Structures are given as C-alpha cells and as structure tokens.
Amino acid sequence: MPCTEPLEERRASRVVGRAAVAALVLVVVACTRPADRGPGEGGDARRASPPPVTAPAPAVVGAAPAGEAKRTLPMPKSGRNWVEVRQQAAERLIAANPDITYLGRVPDQLLAIPVLEVELNGDGSVRRIEILREPREAKDTIKIAVDAMRRAAPFGDVSRLPRPWKFTETFLFDDARKFKPRTLDR
C-alpha cells in the first residue's frame with residue numbers, strides 16, 4: 001500500500017519521534033538517584049552516558065572456582081564512571097554464568113536477595129568480596145553469587161576512577177536458584 005502522506009509530513013513526524021525519544025532519555029537520566037550513580041560521581045548525569053559500542057577481542061578471563069572451566073568472555077572495557085563499571089559487571093555476570101541466570105521479568109516472590117560489595121584492584125580484578133546482606137533462607141545463594149562474581153571478573157581498568165574502587169550488586173534469585181543482577185532490572 002503506497003504512502004499517501006506528503007514527504008515533508010513524514011520527515012516532520014520522524015523528527016518529532018526522535019525528539020520524543022531524546023526527551024525520554026533525558027528524563028530517565030535526570031530521575032536517577034545519586035546513590036544509583038556510584039561513588040565519586042557527584043550526581044553528574046552527563047557522566048552516565050554509555051560508552052561507544054566497540055567489539056572487543058574475546059579472551060579467556062575470570063577466576064573460575066575450583067573444578068570449573070573458565071568461560072570465554074570479551075576483554076572488559078575501562079569504565080569512565082561507576083555507572084559504566086556496574087553495568088559492565090552485570091553484563092559480564094550474565095555472560096559468565098548463562099546456566100544460572102535469567103533475564104526476564106523478576107518474579108513477585110523471590111527465593112533470596114543477597115547483596116555483595118566488590119572491592120577491585122586498579123586493573124579491575126577482584127580484591128575482596130564482602131556480604132552486605134545475607135538472606136534468611138537459601139543461604140547457599142551467597143556462595144553461588146560470590147562464585148559468579150569471581151567468574152565474571154575482571155571488570156575493566158578502574159585506576160582512573162575515584163577511590164574506593166568498590167561497587168555493590170544485588171542478586172535476585174528465583175525458585176530455580178537462578179539470579180538476575182539488580183543493575184539489569186532498572
């Protein structure tokens with residue numbers, strides 16, 4: 001069916017559509033809380049813009065727990081701010097642990113919600129993992145989360161970011177003991 005709108009009207013509607021999308025993105029960025037932005041970012045929403053998309057070369061990375069083979073993950077990019085580091089860490093958690101993760105809607109009733117604080121070395125490797133929230137039930141999910149975090153490391157060079165080189169991740173476990181990083185659920 002041929003388009004009956006004049007060419008100028010179609011162009012104008014495309015411009016309006018693009019402007020609406022840009023306005024929506026600005027509203028979402030402006031509505032994020034400073035706590036969501038990470039340490040040292042001072043609430044500057046302009047710093048939270050995503051990095052340019054590049055195709056890194058695959059490499060075997062991450063420290064797999066004893067008895068497990070390492071997965072092939074792309075080399076991590078250096079984060080320009082803590083929002084990027086957290087986003088990349090969450091994406092790497094999914095890539096490094098495909099058998100124990102989910103990406104769909106979070107169930108209304110969760111099995112467990114452990115929260116980890118990950119301290120990094122300047123090169124993005126894991127220095128220390130501290131458990132900030134231990135679930136009342138399903139305590140084994142803590143080990144699953146810690147092992148998953150170690151498999152996903154390193155998380156990119158953070159040496160140019162403000163110290164402390166730490167971030168937190170909340171793990172949303174369903175009844176099948178599969179998790180979704182909360183960072184990806186925002």
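Rule-based calculations on the coordinates, nothing more; no lab input. Keep in mind the model is a prediction, meaning the values are calculated, not measured. Quick reminder, even Gly has a Cβ in these numbers, built from the backbone with ideal geometry, and neighbours come from all protein chains shown.
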Provide the packing ranking of 97-109, 162-174, 135-147, i.e. peptides ordered by the mean count of other C-beta atoms within 10 Å per residue, highest first.
162-174, 135-147, 97-109
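If Lys and Arg each add +1 and Asp and Glu each add -1, what is the summed charge of the other residues whose beta carbon sits under 12 Å from the beta carbon of Lys166?
Net of charged neighbours comes to 0.
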The long-range amide H neighbours of Phe155, using H built 1.01 Å from N in the peptide plane and a cut-off of under 5 Å, are Ser125
Cα-Cα longer than 21 Å, checked against Lys139/Lys180; Lys143/Lys166; Lys77/Lys143; Lys139/Lys178, kept in input order, equals Lys77/Lys143
For Ala112, enumerate residues with amide H under 5 Å from its amide H, sequence gap 5+ or separate chain, H modeled in the peptide plane.
Phe173
